[in-house]
Structure formats: C-alpha cells, structure tokens
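Comments concern the structure below.
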Amino acid sequence: MSALPWYEDVSPGRGTLPPRAWYARSDAPALSLNGDWAFRLSPTADAEDQAFAAPEYDASDWGTVAVPGHWVLQGKGSEAPGEYGGPAYTNVRYPFPVDPPRVPTENPTGDHLRRFDLPADWPASGGAVLRLDGVESCARVWLNGTELGEFKGSRLAHEFAVGHLLKARDNVLALRVHQWSSGSYLEDQDQWWLPGVFRDVTLLHRPEGAPRDFFVHASYDHVTGTGTLRVECEGDVAGRVTVPELGLDLATGEAVTVAVEPWCAEVPRLYEAELAAGGERVALRVGFRTVAVENGVMTVNGRRVLFRGVNRHEFHPERGRSLDLATMREDVELMKRHNINAVRTSHYPPHPAFLDLCDTYGLWVIDEGDLETHGFEDFAWRGNPVDDARWTPALLDRAARLVERDKNHPSVVMWSLGNECGTGAGLTAMARWIRDRDPSRLVHYEGDRSCADTDVYSRMYPPHAEVDEIGRRADRGPAARAQLPFILCEYAHAMGNGPGGLADYQRLFETYERCQGGFVWEWIDHGLVHPVHGYGYGGDFGEELHDGNFVCDGLLFPDRTPSPGLLEYKKVVEPVRIADGGPGAALVTNGHDVADLAHLAFTWSFLADGETLATGPLEVPALAAGASARVDLPVPPAHREGAETLWTVRALLAADTAWAPAGHEVAWGQIQVSAPVRPAPPTRAHPSRTSDRITLGPGVFDARTGVLSALGSLPVTAGPRLDVWRAPTDNDDGAPWQPDERHGPLWRELGLHRMRHRTDEVLLDAEGLTVRSRVASGASDVGLRTTYRWTSDGTVLRLAVEVVPEGEWRVPLPRLGVRLGLPAALDRVDWYGAGPGEAYPDTRAAARLGRWEATVDALQTPYLRPQENGARIDTRWVELTSPTEGVRVEGDPAFAFTARRWTTEQLDAAAHRGELVPGDTLWLHLDHAQHGIGSQSCGPGVLPEYRLDAAPAAFSLSFTPLG
Ligand code: GAL
C-alpha cells in the first residue's frame, strides 16, 4: 500500500513550533483572525485539490462560516442535519470502522480562507507566529500560498512561525480541516463529534529577542509563611521579573523567598507581576502554592483539600465547544455560587482563558490531556494506541501541549493523562515526561488500577460501600496504591432526575482523611438547539449510530439553568454546617479547607407552621477552618400553641465577591423546636345514599364503585386511587454495564405501568364509606390489597388508605400513593412542606421547610428526556386553586405531591419535552412514599435505606373544598 496521507499517519504533525505557555496579556501586538471566513465543504478529503491555498484563488462562490465555530452547527437552514452536515453523538463507540490509523473515505473536509491586512502599526522588526487554539480534528495550513505544515490534537494549541511570510496587505490564510484523522482515534470522548476551527485564530507579533517560553515557579512554605518565586525563560534570554506589591525586581532564573499570602481556591490570592525580556513585557499573575502528598493525603500549602468538584466539558447549546469568554465566566461564577471548588477539565484542556478565570475566582483544576481511546474496549483493547509504540510520539506531543500551555496557572494542581484509554506503555511515557518537566504537580489517570503512573488513586462511580472500604484503607490492591490519596474523578451521574446519594458520599469524604472528594459527572447537559425538539440529543440529527440522551447528564440544563441536582450538590457540599446545638443553640462548623468564617454573616429566622415570624442577625465567631461553636439563638417570638416551630439559620456573604453579591446564601440549616400537635380527626358526618350516589360531608361518590366524583362544587374528574407507577428516570432505567438491579425495566416487566383495580367491596356504615380493592397487573400474581376508608366532619373529607402487599414482591415500588384528576383551572399551588424544588428520598438535602407557592407549570422540571420529576416532599398541606375554587389537602403523616397537566403514562411515552401537551385535567399525585433515585444511569443504584419495598402501609389525606 502506498504511504498514508498525512491525516491518516500516526504522527502528531509537521511544521509546528514547540508548545509554550499561553498568556492573556503582553505588549507585543496581536491580531485576532476570528470572524467570518470563506468556507467550502467537500464530502471527501480529496474531492477538491489544493489550488484554493494559492493567494490568487477566487473563492467568491464559497459560503462562509464563523470562526471560531463548528461548521456542522452552521450553514443555511440549520436543519438537522443542515447544509454543512450535522453533529453526531456517540459515547464509547467510534462512529467509523475501527481500523487504526485509517479513517473513512467519507471524510467531511472544510476548506477555510481568510484574507487580512496587518494593522498600520504592526512592527517592522521581529517575527510573528500564527496560533490556532483548537481545530477538530486536524488542519493543513498555508499562508500566502506557502504551506506551513499540519497538525492533529483538536483541543490543543498549535503555532507556526510566519514572520517571513507576512505582507502589509492582502495576506491569505488557508486551512484544510478534515473531520476524521488518525487523531480521531485518540479523541473518543463521550460527546458530540464537532469538526471545525472552534477556538481562536490569532497572529502574534514576536519582538526581537523575546523569550520563546517561560515557566513561573511559585511555591509556598506554610511553615515559614514564605513564597519562593523563580521565573525561568527558555534559552539564554535574560529578563527581569517585577512584583510591585512585594517590592520584587529579580532576574529571570533567580529565586527569591519572601513573606506572601498563599493562593488557594478559597482565597485565590494573586500577585500582579511583569516579565520584561527581549523587547516584550508579559503580564503575569503569580499565585504561590505547594502541592504535595503527605502521609497518603494530598495537601496544598500543608493543608488537606477536599474536592467539591465537577467534570466540565466545554459546551454551548448553539455553539458546541466554541465558547466565548462570557460563557466561560458564567460557568465559573455558577460553580462558585454553588459551592463548587474544583473542576476536572474532562476530557481535554479547556480554552486557556478558562484557566485564567479559575486562577482569578479560585477553583482547583485537574487539567486533562486531550486523550481517550475508549472505543477499543469493545475489542478487549486490541490495537489500543496507548499500547502501541508507533503512537507514542503523538501521545507525548499531547502531554507536552497540555503541560506547556497551562503550566503557569496556580489553579492547576494535577495533570491528568487523559480518560478511559485502558493501560499501556504510552501512558507511562507520558507520565514520565510530565513528572520530569513539572514535578510540582500530581499526575492523575483513572484507567490504571495499579496506579503505577499516578500520584492519586482515582476511580469513577464506585458504590458508597467501596468508598467506605477505601477510606478505611481496607481495600485490596497493590501495596503502593494503599499509600495514595483517593478521589472520585467521576461520580454521581447527573443524567435526568438525580443524582441520588450525594449526601451519603459527602459523609464518607468528611469521615475519611484519605477520601478527598470527587467530581460529579457532569457540569452541563449537551443538548443542542434543534428545530423541532427545542434541544436535541443523540439520534435527533440523523445519525446512523448514536447513544441517545446519554449526552444529557449535567447539573445544568443546556441553557445553563441550574437543575435540581445542582441545588442539591450546593447544599451537600456547603462549606459551613449548621445543626442543632442543643436547647436554644445552633452548632456551627466551619468546613472550609482554609478560610475562616469572617467573610460570612449569619441570620436566624423563626418559623411557625412554615410562616416566618421573626428574623435577625446571628453573631457567629470567625471560626477557623475545621472549628465548631455552639451559638445561642434568641428567645423564640410568641406563636400559636401546638404549631410546628423551627429555626432557619443562614450563612450569607458579608460583602460582594467577584462571583456573587453580599447576601448570597452559602449555607443554611434548620433546627426543629416543636412538632405540630394534631387534634384527632372528628367523624361527625353521616353518609347518605341515593340510587347512584353516596354523599359524605363535601364528598360525592359513585354509589356502585365508591369512587369520589366531587368535592363540594368541585368536580373530581378521576377519583383518588392507588398509584405505584412513575415514568422511569434515566437512573431507574440504569445502564446495562452497571452491576446493580435495573428497576425501570423490572417494573415494566412486572406491569406496574398497567395496573388494574378490582373493586371487591363498597360498604357504607353510619360513620363513613369503605372501599376494598385489589390492585395488580395482568400476568402477575402479586398484588396490593387496598382499603380506602372515607370519613368526614361535615367540612373536611378524610381518606385513610391501607395497603397490604400480597405475593412475593421481588422489586421495590416506584411510588406509593394515590392519584386523582381535578379541573385544569386549578393552576396555582400553595403549600407548606419541603421546597421550593423537587426532592426525593435521596435527593432531599436542598429542600427546606417553609411556605411555598408556584404555578403548576413551574412545578415541572424540564429534563430533556421526559421522566418522573417535580415531587415536593414532606408536605404538610397543599392548596390548588383557581381564582374561584380549589382544594386543600392535608396529610397525616406528611406526604409528597406532584401536579401535572399530563398523565404519568404520557410523561413516560414522551421522548422530548414538546410531546407533552397539557390536557383538561390536572393530575395530582399524593404520595406516601417514593423510591429513591440513585445514580444508576452510570453508577450505583438506590441505597438500601432509600428503597421503597412493598410492605404494609397506612396513610391519610384530608380534602377540603375551597370556595
Ligand atoms: C465515564 C466517562 C465519561 C462519561 C461518563 C458517562 O465513564 O469517563 O466521559 O462517558 O462515563 O456519562
């Protein structure tokens, strides 16, 4: 066979400059080449010749694309797929035949042209480099008709020396980009395949004698409180480094030790500095910090750190992985506001400006290489590039481009080789190179359980019990591994409703020194704007192979609205704990790694039956990190006897920060003072009967079936009856590769979505109405004996439900409660219970007791693939009203309610939100209990304590019509 074309050979490229540090500001001029570029798309790599690269080429009949951008998300019509093809989503599978390093003949190829003039003040002396910050998957580059070279490595920066080719006017930059290259085999991350020039293109002037590269070393000695600074310039370049705030003026290469404040994610102290060398002044921001592993624990500046992290892919619903600075900033601010302190840049180095934001705002970063070969796992890793020496230069190139570009960011505390590549000598070579080049940070890689190449033991999605075992250092494994700190580089799969069990993980992280936290998978749903579905996922863009909505598993919806999962995470990882401190006191614990509490202001409020009776400031000492104190609460205000009373104590930002204004809530806790006193329900009213109806207080029933048909003047379109079905969540459905039971499919198999209700008895007595029934599905011998007992005091109608399971129930129930239909006009909801958001048994940390109100529409959580959502737990009472009528429901004990304009069956059947069409009934679920949520869409199932096993149960609900 003839030699492979360059895009198919395994080399990383040719003609590029060695990688170097990225920096945001220098006095050397720069010219952004972002903007509209002439664009031509061809179906194969060789459909068009290279004549377009010649300066005189006439591209007037070409289209245009915006750079940075992905061509598949542009083009006329933006149909799915559009004029320039479409996005495609696969998780593990390569969407092309696996025959490395060959790629398909159908290889969409985008030719890009940009003409530019140099600014009038562009210096005549010196050189210039052309920098491309990200091109997927590879590019061949020409300037003014001269070929510069070619490169692979989509999310890595590539530079070419171009000074000798530049003209004052009418330069022509030409790029040929192929969607597929040998590099695609190294970029099998779980995300959309999105070709294009998706990051900035910049021309940078290089002043005469300017350093080619520099390395800022800034360590911190926590014993002496001093920092040591040394800025190393490549080659013999001599320069000066000044740090005005520290009064420093030193030569490059020289080390100086002075008293400094250290950098950490909680207090991101940066010193403005300047490097002046060979005609260039570069602005530096120096953060002093030292990363170490001491006695099996990772420390920064001598203190254990606890990662409250997320995995962040770069994603925007319209622009894919092409992110502008405002979106990056929004991500960082949202993270900070939700108590997140760490990011893993899954699974490639982010746009470099993102790391500047992490330095500024304070986030620990695991910076990951652009590397994943997961698709080889399906073939027992046969042919895996990380275990094939021919690929090692490409792997080392990726390691170097990661480290060199990002080495000057204090926020980066670990280098990660990549993700899900199995094992191989190529990874070892990368780790060696990184350790040699930068021994000041830890090396991370999850895919090798031997941990031979890593400084931390890292896992994804282990069950709680295993984390507990690892925490106790009782896990079996290589001896060296037992000495390493432990992190979860991925856990708590945030797909659809969930993740459940976050608080249970956090308890383990706060119990065991070795367990240093984790990174929730993942930050944002990758739902792309779609002409029909609003947001589309895998399969919505005409892909022949796809992995459905597995790409929508984030804590943010695609438009960056926080999902309930993010609110839960914020509460679970709050850095201050507020608990019951005994009579009249709160116990406040500072859970920060470093910061004291001086930056927070505390408040108390006193609630009676959910109503806030009084609030005020609470004096809390500026506790040091790790310290606790009992803080006296005031004398409770006067309140109704028998009311349920509690304190809410909140920790708020005392002053504005870069990421949130003063008053932003960081943490809170509730302390119950007294439980409600409930009077015994009276049963004064007597039922009466005509031939076709029974009347009991405000209740009107069908005499034959015993089913409620009206409450006073309010029609009940479907009387309450037992309901155990919920539209399975992604976590209920589970992932086939997870070991735990997958309840969604088992529920369906058992027919819980098609239960039948047999009426056995409708019995009237002097005190009320009793209806006995058996609820079961076809082809099944298990059932639920259900008794509905109705009584009334004349005003309130009370329903007591008793459920006794029959037969051998092998699976838990999705839910246990009643469902009823009411007029759709009742669309205002007021309640006293835990809120304001949805909550389930294992996702309930963020729900606090209080009075809440919402519309029915606002109660819905817009998961991209419709599924169970919106339950409000611990409800004492709820009122559903229209301007003219309504109903109040009280529970004994408290219950969960869900109100929707569609049935569970319709919710279950829908694949996209737009398929849910409001009907003329308001469907109200009043649940005694729900099964937990878990994280089984890619992780462990529901913990035993949150299972809803079929067992005898009794609960009551009181209905009052509201005029
Ligand atoms: C992990 C992988 C991620 C993502 C996740 C599931 O195995 O590292 O990239 O695929 O599972 O969403």
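The values are calculated or read from the model by the stated rules, or taken from the named source; none is laboratory data. Quantities reported herein were computed from a predicted structural model and do not represent experimental measurements. Methodologically, a virtual Cβ is constructed for each residue, glycine included, from the backbone with ideal geometry; neighbour enumeration extends over all protein chains shown.
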Selected residue [more than 16 Å from the ligand (Cβ to nearest atom) and surrounded by fewer than 17 Cβ atoms within 10 Å (Cβ to Cβ)] from A292, A277, A273: A292
Residues located in the stretch 536-582, provided they are in a helix (DSSP H, G or I), closer than 24 Å to Q670 by Cβ and not hydrophobic (A, V, I, L, M, F, W, C): P564, G565, E568, Y569, K570, K571
The conditions are (1) of a type outside the set (S, T, N, Q); (2) within 26 Å of A910 (Cα to Cα); (3) over 28 Å from the mean Cα position of the chain (by Cα), and P745 fails exactly one of them. Which is it? (3)
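Could you check how many residues of the stretch 781-798 are farther than 20 Å from S958 by Cα and either of a type in the set (A, V, I, L, M) or buried (at least 16 other Cβ atoms within 10 Å of the Cβ) (or both)?
Residues of the stretch 781-798 that are farther than 20 Å from S958 by Cα, as a first pass: 781-785.
If we keep only those that are either of a type in the set (A, V, I, L, M) or buried (at least 16 other Cβ atoms within 10 Å of the Cβ) (or both) too, we end up with 782-785.
Residues in the stretch 781-798 being farther than 20 Å from S958 by Cα and either of a type in the set (A, V, I, L, M) or buried (at least 16 other Cβ atoms within 10 Å of the Cβ) (or both): 4 in total.
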Restricting attention to the stretch 110-125, which residues are modelled with pLDDT of 95 or more and either among the charged types (D, E, K, R) or farther than 30 Å from D61 by Cβ (or both)? D111, R114, R115, D117, A120, D121, W122, P123
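So which of G934, G919 is of a type outside the set (V, I, T), part of a loop (DSSP other than H, G, I, E, B) and within 16 Å of the ligand (Cβ to nearest atom)? Give the steps one after another, and end with the answer.
Numbers: G919 fails: within 16 Å of the ligand (Cβ to nearest atom).
Exactly one residue qualifies, and that residue is G934.
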Please specify each residue of the stretch 471-519 satisfying the condition of being under 22 Å from D455 (Cβ atoms), within 16 Å of the ligand (Cβ to nearest atom) and of a type outside the set (S, T, Y). I487, L488, C489, E490, G518, F519
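Name the residue that is nearest to the ligand (Cβ to nearest atom), counting only residues in the stretch 161-188 that are assigned to a helix (DSSP H, G or I) and within 15 Å of F96 (Cβ to Cβ). Write out each step before concluding.
From the stretch 161-188, those assigned to a helix (DSSP H, G or I) are 163-165, 182-186; that's our starting set.
From the residues that got through so far, the ones that are within 15 Å of F96 (Cβ to Cβ) too are 182-186.
On the way: S182: 21, G183: 18, S184: 16, Y185: 16, L186: 14 Å.
Across the stretch 161-188, the extreme among qualifying residues is L186.
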Look at the stretch 520-555 and say how many of its residues are within 12 Å of the ligand (Cβ to nearest atom), touching a His at 6+ places or on another chain (Cβ under 9 Å), more than 12 Å from N91 (Cβ to Cβ) and acidic (D, E). 1
Considering (1) within 21 Å of V177 (Cα to Cα); (2) surrounded by 14 or more Cβ atoms within 10 Å (Cβ to Cβ), say which one R20 fails and leave the rest. (1)
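Looking at A38, A51, A59, which is the one that is loosely packed, with under 13 Cβ neighbours inside 10 Å and farther than 30 Å from R285 by Cβ?
Values: A38 fails: loosely packed, with under 13 Cβ neighbours inside 10 Å; A59 fails: loosely packed, with under 13 Cβ neighbours inside 10 Å.
Result of the check over A38, A51, A59: A51.
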Which one of E187, E234 is farther than 30 Å from W521 by Cα and out of contact with any Phe, Trp or Tyr (no Cβ under 6 Å at 6 or more places or on another chain)? E234
Please give the strands (runs of 3 or more DSSP E) falling wholly within the stretch 1-104 in which 1 or more residues are in contact (Cβ under 8 Å) with a residue 40 or more places away in the chain and within 30 Å of D117 (Cβ to Cβ). 30-32, 35-44, 63-67
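Is it true that some residue in the stretch 81-92 is touching a Lys or Arg at 6+ places or on another chain (Cβ under 8 Å), away from the ligand (no atom under 16 Å from the Cβ) and under 15 Å from E136 (Cα atoms)?
As a first pass, look at the stretch 81-92 and keep what is touching a Lys or Arg at 6+ places or on another chain (Cβ under 8 Å): 82-83.
Subset that is away from the ligand (no atom under 16 Å from the Cβ): 82-83.
Of the ones still in play, those that are also under 15 Å from E136 (Cα atoms) are none.
No, the stretch 81-92 contains no residue that is touching a Lys or Arg at 6+ places or on another chain (Cβ under 8 Å), away from the ligand (no atom under 16 Å from the Cβ) and under 15 Å from E136 (Cα atoms).
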Being touching a residue at least 60 places away in the same chain (Cβ under 8 Å) and either surrounded by 24 or more Cβ atoms within 10 Å (Cβ to Cβ) or within 21 Å of A655 (Cα to Cα) (or both) is the filter here; which residues of the stretch 351-367 pass it? H351, D359, T360, Y361, G362, L363, W364, I366
Of all residues in the stretch 377-399 being over 12 Å from E187 (Cα atoms) and within 28 Å of the chain's Cα centre (by Cα), which is surrounded by the fewest Cβ atoms within 10 Å (Cβ to Cβ)? D378
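Looking at this structure, is L607 under 31 Å from the mean Cα position of the chain (by Cα) and either touching a residue at least 40 places away in the same chain (Cβ under 8 Å) or over 25 Å from M328 (Cα atoms) (or both)? Quick ask: steps written out before the conclusion?
Working: under 31 Å from the mean Cα position of the chain (by Cα): no; either touching a residue at least 40 places away in the same chain (Cβ under 8 Å) or over 25 Å from M328 (Cα atoms) (or both): yes.
Spelling it out, it is not the case that L607 is under 31 Å from the mean Cα position of the chain (by Cα) and either touching a residue at least 40 places away in the same chain (Cβ under 8 Å) or over 25 Å from M328 (Cα atoms) (or both).
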Subset tally (residues that are within 16 Å of the ligand (Cβ to nearest atom) and closer than 23 Å to V141 by Cα) for the stretch 189-228: 2
Taking into account only those residues within the stretch 838-869 that are of a type in the set (G, A, S) and surrounded by fewer than 23 Cβ atoms within 10 Å (Cβ to Cβ), which is farthest from N497 (Cα to Cα)? G850
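Give the residues of the stretch 420-439 that are within 16 Å of the ligand (Cβ to nearest atom) and out of contact with any Leu (no Cβ under 7 Å at 6 or more places or on another chain), sorted by residue number. So that I can check it myself, show each step before the final result.
At the first step, the residues of the stretch 420-439 found to be within 16 Å of the ligand (Cβ to nearest atom) are 420-423, 427.
Of everything in the stretch 420-439, those that are within 16 Å of the ligand (Cβ to nearest atom) and out of contact with any Leu (no Cβ under 7 Å at 6 or more places or on another chain) turn out to be E420, G422, T423.
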Every pair of residues 6+ apart whose Cβ atoms lie under 6 Å, when the first sits in the stretch 504-516 and is among the acidic types (D, E) while the second is assigned to a helix (DSSP H, G or I) and surrounded by fewer than 23 Cβ atoms within 10 Å (Cβ to Cβ): D504/H464
